[in-house]
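Below is one structure; the comments refer to it alone.
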Amino acid sequence: MHDGFKYVPVVDQDSCTGCATCVEACDHGCLHMVWSYATLVRPHDCGSEGACATACPEDAIHMEWVGMDECGERGQWRVDSPHSAVPEPHTMWSAIKRAFVR
């Protein structure tokens with residue numbers, strides 16, 4: 001294992017069809033459907049098994065070593081804590097701005 005890095009799913013939103021098969025395959029509840037796309041919302045809880053990538057019928061998910069401080073920069077956004085619930089749609093803009101506007 002790499003220090004400060006974790007093997008996590010990275011979702012290609014251009015290929016994701018929103019079928020939620022990966023969400024159902026994730027035993028740790030790390031993936032959620034957000035705005036019709038699979039989204040890694042709890043990267044710190046990911047078990048790194050890759051069940052989500054294997055289950056994806058569109059091959060829209062691949063596993064990648066990602067610096068844990070980068071997790072919000074991989075096409076996803078960070079919530080206030082890795083254990084936070086997925087924010088409601090009306091609060092999403094704040095979460096997106098925190099991750100992408102620096």
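Below is a table of values for the structure above.
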item	result
Other-chain or far-sequence residues with amide H under 5 Å of MET68's (modelled H)	PHE5, LYS6
Neighbour-count order for SER48, SER36, fewest beta carbons within 10 angstrom listed first	SER36, SER48
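Each value in this text was obtained by applying a stated rule to the coordinates, not by laboratory testing. None of these values were measured; they are calculated from a predicted model. Glycine gets a Cβ as well: all are built from the backbone with ideal geometry, and neighbour counts include every protein chain shown.
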